[in-house]
Amino acid sequence: MRGALLGLSVSLALCCCVLGWDGGVEGQDTTGVQTQVRQAGPVEHGIEWEEEREDIMMDDPGVEEIKPKKKKSIEEVEAARAKKAAEKEAKAKKQKANKAPKAPKPTKKPKATKAPKKLKATKAPKTTKAPKATKAPKTTKAPKATKAPKATKAPKVTKPKATKASKTTAWKEEGVKPVTRRPSLEEDEEKLLIELGWDRHSRPSGHTPLSAGSKTLTEHGQDYWDTKLDRERTTTEVIMYVSEETTVPWYEEYDYADLAAKQLEEEAEKARKEKEKKVKQLRKKWEEEEEERLRKIPVHAEPKKCPPLGLESHRVDDDQLLASSQSHHGFSAQRGRLNMQSSGNEEGVYGGAWCAEPEEKNHWFEVDARREVEFTGVIVQGRNSDTAEDFVSTFYVSFSNDSRDWMVLHDGYAEWLFYGNVDRDSPVMVQFDWPTVARYIRVLPQSWNGSLCLRVEVMACQLTSSFRSENEVNPTDNLDFRHHNYKDMRQMMKVINEECPNITRIYNIGKSSAGLKMYAMEISDNPGEHQTGEPEFRYTAGLHGNEALGRELLLLLMQFMCKEYNENNPRVRRLVEGVRIHLVPSLNPDAYELAYEMGSEMGNWGLGHWTEEGYDIFQNFPDLNSVLWGAEDRGWVPRIVPNHHIPLPENFLNGSVALETKAIINWMERTPFVLGANLQGGEKVVAYPFDMQRPPKATGTLGSRRELRPGVNHEMNEETWARMQRQNGDALRETSDDTMFRWLAMSYAHSHLTMTETQRGSCHTDDISGGQGIINRASWKPVVGSMNDFSYLHTNCFELSVFLGCDKFPHESELPLEWENNREALLSFIEQVHRGIKGIVRDMEGKPLANATISVDGVKHDVKTAAAGDYWRLLNPGEYRVTARVDGHTLQTRLCIVGYDSGATPCSFTLAKSNWDRIKQIMVLHGKRPIRLVTKAPPRVGSDISGGSVGSVDATKTGATGGMGGTSANSHNAERLRRLRLMRLRKMHQQRLRYNFSTTTPVATTTTTVAPTTTAELETESTTSWYDSWFPVESSYTEPTPAEVFTEIQESEPTQDYTFEYKFEDY
């Protein structure tokens, strides 16, 4: 009976503790065990467990405290499964209790007593050994776990609490009901106790909480044992672990809502992984395809560089160019070449580009290469115009092999759109990443500024083939075919000088505005010294920096002559030993460096044309043409103004003159050049002087002064000037040596391989040379102050301009072809320096006479001797009367014959001294009036010497026997006749002077005047004095009548004084 009561009390206490732990009824006193259990939670699990429990309480209002989720060992998982089953069953019983509470079944006695045996396995010291767990701060520090407001905020929180409180009061009222629940609960507790006991052995001793049983045991001593205490201790242990492990049933630990969400997450994760796998597979496939595509496309690290096909140089014919349309006849496809220049007339037939019809929809410009080539790029340029700003900004490029099926160039993703020009003059090059082999190429404009106008050059490489093309040249000379900048040019000249030191010399003629030296190379058998009788020749190039072909040709000529001289080439040796050759490859080095940096084809028409200071060197020389023509109009040539070696205008060198021009003038004056040529570009023709056209002020062509009448206006109007130009157009542009200049020009043009092939026209217009390859510059493009005119009028040198080709700056690959075209012409033109006559002017003692004037009858241009007395006069074959004169010596005239054989004809002079110095002194004493020299005839035999020969002659002729009366009458008559003769001479002198002022073609003649006498044997007086040659007699002159003589006597004036000094201000 006592044991039954004890078991009943234990079961009731156990039920109350369980209900108190689960329900948490407010205001009800709990046992000390429950308090200890609540304090054991924070010790074992810490602050993290309190936070998790608070969160669970907020999620489920019916549960006050739950077990925190953490990773468990295998044993813990098995224990949790058992607890979940018990909790699930307890929960089901709770739901039934709400409907109809049932009494718990009595627990079995043996089952309850099994726990102490299990607990014996746990050592007592380990259960009480937990110093860290007994620390007050850790046991009491869990404020978040005791916060009730969070669990009671919602209305749902109060509902389960009320249910639990009512259930607890019902158990207290019916004491038997907890006993009826005890069997099933104890079974679960027994299983849980076993599991927890086993688990307790696996836990560290420091985590074992203090219980009420242990406290009672310490009160009675160590040897006291009581089953009740043992049972209470066991129950306390169970309560403690239930509070930790069984607060949540095992079947509620898995949140099925979380499980569903987890399943959704797993499915989403699986779908994502599948998608990623699919994407990876697609990417891998795409990369493989891209690699395969790139493997098929020949991608180059750098675009292949090819030379131009030849649109600018006209190697591409007009029939190879085609376009979709044209705005009008002046803008056809043939005008679409790079750097094509217009005629200046916007509506003319020579436009500055190809321009399309604006109403057309599809526009294209096509080039036919006539064979398959590798196209690597195109160069585009706008329209050459002074007013319009027309250019293409974007375009496509397409290719074809049959001109029907076209393929637009693709960059691998889309059609390749190229960007073009931003102005009308600057060329823009676009290069393809890989060459395209085709025969036809088209440029397809897509957008443009202004009108659709275009100039094009195509870059292409010839394919290896057994057929030779026009661009393929195999030069026979092993020379350096490339472009040389300033440093390379200087190095090249130095190497040539080292290879041929006995025939070459390097010097400079001056410096440019930027300080670069203008180097020249002399090639002669005695370099550095002028040899008597050896003519001087010059080739100059680079007057315009962007005209690079002449520069390279002169460098190639240096190499060629040095190499051939060492190899004993007879022709080259003859040139070196017979001519002193000067080669200046660059007269404008500053501008060339600028053009060289831009490269071939990339500089526009004007880039590098001028000097650093903005001067055009070729047109920067003094205008001596106007001086000569003005003096001819006034009749001052050749007495006052010479027709050669016209001095420089006053203060010219102090004006707007480039440094390069001053250096060239000084070089010309100190070297007696005979022949020369300046090499230019932009056209293919040889131009000869005059370069300036004579202005409409030539009044001398109206006739002599006699034809002018007072009161009549003799100023020429436009109609008169136009008529004169039509009748005498060539005479207004020609020099006195026009035939010689034409021969020199033809010697170069006809030795050139392609210069006379003008059937296709010139570079920018139709043929301007008449099929001969030569033209007078004044009739083509007249310029003022040119280098050629200055050289002709200021020195002895005959100079021409050789325009080498349409392309000013050709590609390096074209240099071998250009050398082959010009090599023979360059050598042949040097040989022309031996054409004509040559000689030395000496005095009677054999000393050379410098600055002696050499005149040729019929040619109104003289030359002078050099410092050594030698001269060279270029003449065509024929017979010439040549006169040599110098101050202080008598003139001498010789007949010289020029043959067709090579070599100049020797024609030297030896002059005797004269009394010119004494004559000039007498002229100064007489006011610079002419002095008449009278030579008397010897007296007759028997004449009276004292009376004079005249009286004797007169007496003889009259039959008088002599006497003083007859002698004085005869003397008086002779004096009268002498005075009449002097008056006639004065009249003739005045007429001749007027004639000289009114004509431009004075003719020197010698006149002999015979005094009238009464007999045939009257004394004759010769008037072949020095001044008679000054006043040439007009061929149409008529003897004046006596009335005119009388009028002349009345109106006679003293002889006009002549001054030999003149000033340019007089003009």
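Cross-link list LYS487/LYS808; LYS781/LYS808; LYS860/LYS913; LYS84/LYS270; LYS285/LYS305: which exceed 24 angstrom alpha carbon to alpha carbon? It would help to have the intermediate numbers written out before the result.
Numbers: LYS487/LYS808 21 Å; LYS781/LYS808 18 Å; LYS860/LYS913 26 Å; LYS84/LYS270 31 Å; LYS285/LYS305 36 Å.
In this structure, LYS860/LYS913; LYS84/LYS270; LYS285/LYS305 exceed 24 Å between Cα atoms.
Taking a point 7 Å from the Cα of VAL784 along the Cα-to-Cβ direction, none of the residues of segment 656-671 has its backbone N closer than 13 Å to it.
Between ARG293 and TYR396, 0.36 nm times their residue separation minus their Cα-Cα distance comes to what?
Values: separation 103, 0.36 × 103 = 37.08 nm, distance 2.26 nm.
Value of the extension gain: 34.8 nm.
Dipole of segment 449-608 computed with +1 at Lys/Arg Cβ and -1 at Asp/Glu Cβ about the Cα centre; of TYR507, TYR592, LEU575, farthest Cα towards the positive end is TYR507. On segment 307-398, 44 percent of the accessible area sits on carbon and sulfur atoms, based on a 1.4 Å probe.
Please give the per residue accessible area of segment 286-444, computed with a probe of 1.4 Å over protein heavy atoms only, in Å². Numbers along the way, then the final one.
Values: 7760 Å² over 159 residues.
Each residue of segment 286-444 exposes 49 Å² on average to a 1.4 Å probe.
For segment 794-896, which whole-number percentage of the solvent-accessible area (1.4 Å probe, protein heavy atoms only) is attributable to carbon and sulfur atoms? Write down the numbers at each step before the final one.
Values: 1630 of 3520 Å².
C and S atoms contribute 46 percent here.
Determine the per residue accessible area of segment 480-614 with all protein chains present and a 1.4 angstrom probe, expressed in square angstrom.
Per-residue value: 36 Å².
Here LEU980 and ARG894 are evaluated by their C-beta separation; at R0 = 45 Å the FRET efficiency comes out at 0.65.
Note on LYS83: accessible area approximately 10 square angstrom, rounded to 10, probe 1.4 Å, nucleic acids and ligands left out.
Let me spell out the model: positive unit charges on the Cβ of Lys and Arg, negative unit charges on the Cβ of Asp and Glu, origin at the Cα centre of segment 518-584. What dipole size does that give, in debye rounded to 20?
Working: 7 positive and 10 negative charges, 29 e Å.
Magnitude of the dipole: close to 140 debye.
Ordered by 1.4 Å accessible area with all protein chains kept, ILE74, ILE919, ILE830, ILE768 run largest first as ILE74, ILE768, ILE919, ILE830.
Here the Karplus relation 6.51 cos²θ - 1.76 cosθ + 1.60, evaluated at θ = phi - 60°, turns the backbone of segment 358-374 into coupling constants of x, 7, 6, 9, 9, 10, 7, 10, 10, 10, 9, 7, 6, 6, 6, 9, 9 Hz, with x for every Gly and Pro. Name the long-range amide H neighbours of GLY839: under 5 Å, sequence gap of 5 or more, or other chain; modelled H, no Pro or chain starts. Counting only residues 5 or more places away or on other chains, the set is TYR871, CYS907.
Here is the list for segment 878-929: chymotrypsin sites (Phe, Trp or Tyr not before Pro) lying in DSSP coil, each with at most 11 other C-beta atoms within 10 angstrom of its C-beta, are TYR900. Placing unit charges on each Cβ (+1 for Lys and Arg, -1 for Asp and Glu) gives segment 320-477 a dipole about its Cα centre, and among ASN339, PHE375, SER447 the Cα reaching farthest toward its positive end belongs to PHE375.
Derived scalar couplings between HN and Hα for segment 85-92 equal 5, 5, 5, 4, 5, 5, 5, 5 Hz in order, rounded to whole Hz, by the Karplus curve 6.51 cos²θ - 1.76 cosθ + 1.60 (θ = phi - 60°), x for Gly and Pro.
The values are calculated or read from the model by the stated rules, or taken from the named source; none is laboratory data. As the structure is a computational prediction, the values presented were derived from the model and not from experiment. Cβ sites come from the backbone with ideal geometry, for glycine too, and all protein chains shown count toward neighbours. What goes into the accessible areas is simple: the full protein's heavy atoms, side chains included, and nothing from ligands, DNA or RNA. Shrake-Rupley method; radii C 1.70, N 1.55, O 1.52, S 1.80 Å.
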